[in-house]
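Quick notes on the structure that follows.
The values are calculated or read from the model by the stated rules, or taken from the named source; none is laboratory data. Computed from a predicted model, the values in this text were never measured in an experiment. When we count neighbours, we look across all protein chains shown, and the Cβ atoms used for this are built from the backbone with ideal geometry, even at glycine. We work out accessible area using only protein heavy atoms, side chains counted, and drop any ligands, DNA or RNA first. Shrake-Rupley method; radii C 1.70, N 1.55, O 1.52, S 1.80 Å.
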Amino acid sequence: MPEPFISLKNVSKHYSVDLDAGVSDINLTIDKGEFVAIVGESGSGKSTLLKLIYGTLAPNSGELSFNGEHIPGPHEKLIPGHDAMKMLSQDFNLNLYARVFENIESMLSNENVLEKKQKSIEFMELLGIGALANKRIVELSGGEQQRVALARAIITEPEVLLLDEPFSQLDAVLKTQFRADLKRLGNELGITIIMVSHDPVDGLTLADQMFILKDGKLVESGEPAQIYNNPEHIYTARLLGNAFFLPSDEAKLVGIRSKATTVMIYPEWVQLKNSWTSKQFAIEEIFFRGFYEDLLLERKGIRIHAVNTSPGMYKKGQKVQVVIEKWLDFD
Ligand code: ADP
Ligand code: MG
């Protein structure tokens, strides 16, 4: 069998001040060219895991490898961080008073000055910042600065790009744009991207494979649609969607036949319709979300959520017929 591109075997890292904090016994592999998202609550160990992969943090135990070779830790290398990888830092690390092209060019060696110029132009075009080439970083918006930082990170053509919460500084519009940029770059450059985010939407939208971290442990992994639709853990369902949970006795009252202790339901699995299997609920609250409404429904003290894709169709207090078309059992 060929060696996996990136592999972690029984990797643990515990910070001495707090023995519990860190990551425990992580086993995973990442394929070349894959877009991977590491998702979990704040403090679940995402940044720790990313630094271990990059080699800026050493594990207490276990082994990390890249192309079958040991990933050197910070004490095994003069300049910490794997040579084939680049981390896009949250503070961008830009020279604020230098111009955009200078910030980008300075990543390349002076061996071939013409090639250096051409490549800088090429990468500025790739990221849509060609028109900003002569501006100083201080004159740019946060989103523009992030593009410059990304251009700097990828111009040296690393095999792996590591991103720690890359969207945290961006407003909603820029976030959507930047997501699209990343997806395109992953495809066009064939670069392996490992992204950490506390926002599951980032992972669901972008990733080929998601890793879910909880309290420093890898609780599950898989393709986004697979783990969204069939989460093995309640934690994952809560993290990825607006799932709600009903104990078995309540589940019975809303027409669900299940022997499980708890059932999990996503609002989009709740259908509003007239049929002999439907139950009558009252609309307790309507949350407008733009192109849809989140309806809070109540029956005999049981509250559930449903998605209404025709906003304005219902009034608060109105009775509706509900069929729960799908649910998952949890014990
Ligand atoms: P995340 O990125 O998911 O928010 P981190 O990997 O930063 O989580 O942190 C995981 C846990 O390790 C947290 O409890 C955090 O407080 C702790 N931790 C992180 N860095 C250090 C450090 N340098 N020293 C001690 N504890 C740390
Ligand atoms: Mg973090």
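Yes or no: the range 13-35 includes at least one residue that is polar (S, T, N, Q), open to solvent by 30 Å² or more (accessible area, probe 1.4 Å), within 16 Å of ligand 1 (Cβ to nearest atom) and in the same structural domain as VAL219 (by TED's automatic domain parsing). Taking every residue of the range 13-35 in turn, at least one turns out to be polar (S, T, N, Q), open to solvent by 30 Å² or more (accessible area, probe 1.4 Å), within 16 Å of ligand 1 (Cβ to nearest atom) and in the same structural domain as VAL219 (by TED's automatic domain parsing).
Can you find a residue that is farther than 30 Å from LYS116 by Cβ, of a type outside the set (Gly, Ala, Ser) and touching a residue at least 24 places away in the same chain (Cβ under 8 Å) anywhere in the range 151-164? Within the range 151-164 (the criterion being farther than 30 Å from LYS116 by Cβ, of a type outside the set (Gly, Ala, Ser) and touching a residue at least 24 places away in the same chain (Cβ under 8 Å)), the answer is no, since none of the residues qualifies.
The residue of the range 77-105 that is most open to solvent (accessible area, probe 1.4 Å), among those that are in a loop (DSSP other than H, G, I, E, B) and free of Cβ contacts under 8 Å to residues at least 12 places away in the same chain, is LEU78.
Checked against the criterion of being among the aliphatic types (A, V, I, L, M) and in a strand (DSSP E or B), the candidates LEU108, LEU114, LEU150, LEU163 yield just one match: LEU163.
For (1) hydrophobic (A, V, I, L, M, F, W, C); (2) under 22 Å from PHE178 (Cβ atoms); (3) modelled with pLDDT of 95 or more, each residue gets a yes or a no:
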{"residue": "GLN90", "(1), (2), (3)": "no, yes, no"}
{"residue": "ASN93", "(1), (2), (3)": "no, yes, no"}
{"residue": "ILE104", "(1), (2), (3)": "yes, yes, yes"}
{"residue": "MET107", "(1), (2), (3)": "yes, yes, no"}
{"residue": "GLU111", "(1), (2), (3)": "no, no, no"}
{"residue": "GLY130", "(1), (2), (3)": "no, yes, no"}
{"residue": "ARG136", "(1), (2), (3)": "no, yes, yes"}
{"residue": "GLU139", "(1), (2), (3)": "no, yes, yes"}
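Could you check, for the range 136-159, whether at least one of its residues is in contact with a helix residue (DSSP H, G or I) (Cβ under 7 Å, 6 or more places away or on another chain) and within 16 Å of ligand 2 (Cβ to nearest atom)? The answer is no, given that none of the residues of the range 136-159 is in contact with a helix residue (DSSP H, G or I) (Cβ under 7 Å, 6 or more places away or on another chain) and within 16 Å of ligand 2 (Cβ to nearest atom). Scanning the range 254-271 for residues that are without any contact (Cβ under 8 Å) to a residue 40 or more places away in the chain and farther than 20 Å from TYR235 by Cα returns a single hit, ARG257. Within the range 42-65, being within 11 Å of ligand 1 (Cβ to nearest atom), in contact with a strand residue (DSSP E or B) (Cβ under 9 Å, 6 or more places away or on another chain) and touching a residue at least 40 places away in the same chain (Cβ under 8 Å) holds for SER44, GLY45, LYS46, SER47, THR48, LEU49, LEU50, LEU52, LEU57. With respect to (1) among the hydrophobic types (A, V, I, L, M, F, W, C); (2) within 16 Å of ligand 2 (Cβ to nearest atom); (3) modelled with pLDDT of 95 or more; (4) not in a loop (DSSP other than H, G, I, E, B), the lone exception for LEU57 is condition (4). Remark: pairs (first residue in the range 286-304, closer than 14 Å to ALA243 by Cα; second residue in a loop (DSSP other than H, G, I, E, B); Cβ separation under 8 Å; 6+ apart in sequence or on different chains) = ASP294/ASN242; LEU295/TYR314; ILE304/VAL254. Taken residue by residue, the range 141-161 has no member that is buried (at least 21 other Cβ atoms within 10 Å of the Cβ) and within 16 Å of ligand 1 (Cβ to nearest atom).
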